[in-house]
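The numbers here are math on the coordinates, done by the rules we state, and not lab data. None of these values were measured; they are calculated from a predicted model. When we count neighbours, we look across all protein chains shown, and the Cβ atoms used for this are built from the backbone with ideal geometry, even at glycine.
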């Protein structure tokens, strides 16, 4: 019989670790989001000219990170089940500190795209933190704990773009990348010092261990044994499918939003600061949504929260199709952020409730891969729509995708 001792689930332990990872992830996300809204503008500074070229390269820079994360997400997830969750958080934050600092020294858009690809392969702080929190908190408090973590993520994402925009307007785009590197280093140091973990991996099934000892277990078979709890579970596949659609809808707008703001803002406006403010307000609303709707999901069920939030997102994105000034865009981005906070907290809680004990890492790793595929397809699709149809049409397509996601959630997900 396999034995599992992951992280002590005493009330003191899980609350202490939640508090420590909350602050560390807050600092890390402030750092990451310092530069995300600035990427299309940084592409222009690196010498890319012409509207179509800027839109295409913006999509490439956004998607390069996502493609490599889709490949490496399940690998890091499996390694976390084997070697521990804390070390994965430290790895993700430390790698991010180094790579994003180097982005500030990039001399061409090709170098920036390469560094973004390496970032996707070696980071993933949100997934690593989700696994750590999900395996620490009691099952009945998972929605609350993950909602708190999502609140930290959104709080960081609300402050990061605003501060990053101010730094970029005052000191240049490169300075924003260097500040990000410093913040990620501090976050990694905080995890090293304050997060405590008592970890022993799940022993493999006797048949699997015997086959491995005899040399009869192929690499493909070992990978399948790790993935089978996910791929063989219809409820988990349903959650992952809904996750893909909702992430795709949100990521369509990544490379488009700063350029759309540039188009509708008054002449002479500080576009980087406005972009940061729009992103920050949306993220602040997301923090409130994650905490409040995460708790509501613990009591009322996560599926209903997902459906309502998906439809609310669709209304907000459809309305943005008609926006003519940054003020209304700011208001509607706040509404979309509130709904997205509920979406992320509910999906994370559903994954935690459905994951086999001791295999949470691979479940969240596959989830990270699904998210990354959407992150790769979304920006490129949004850029293509902007090139072919204009900067407004991606908002319309995002609304349609969220309607489809809401219908899928209502029909496919379990009542939990």
- Item | Per-peptide average of other Cβ atoms within 10 Å, ordering 330-338, 149-157 highest first | 149-157, 330-338
- Task: Taking the Cβ of each residue in 367, 169, 81 as the centre, tally the other Cβ atoms inside 10 Å and list the residues starting with the fewest.
- Result: 169, 81, 367
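By per-residue mean of other Cβ atoms within 10 Å, what is the highest-first order of 125-135, 68-78?
Going from most to least packed, we get 125-135, 68-78.
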- Message: Test of understanding: extend the Cα→C-beta vector of residue 389 to 7 Å, then name every residue of region 364-380 with backbone N under 17 Å from that spot.
- Response: 377-380
- Query: When the C-alpha atoms of region 343-416 are aligned to their principal axes, what extent does each axis show, in angstrom, from largest down?
  - Reply: 47, 24, 17
- Task: State, to one decimal in nm, how far the label point of residue 412 lies from the label point of residue 193, with both points 7 Å from Cα in the Cβ direction.
- Result: 4.4 nm
- Message: Highest mean first, how do 274-286, 349-361, 384-396 rank when packing is the count of other Cβ atoms within 10 Å averaged over residues?
- Response: 274-286, 349-361, 384-396
- Task: Please give the calculated 222 nm ellipticity per residue for the chain, where each DSSP H segment of at least 4 residues contributes -39500 (n - 2.57) and the sum is spread over every residue; nearest 500 deg cm²/dmol?
- Result: -27500 deg cm²/dmol
- Item | Where only alpha carbons of the chain are counted, the Rg and the Dmax (Å) | 20.6, 72
- Query: Based on the alpha-carbon gyration tensor of region 109-206 and its eigenvalue square roots a ≥ b ≥ c, which shape applies: rounded if a/c is under 1.5, prolate if not and a/b is larger than b/c, or oblate?
  - Reply: prolate
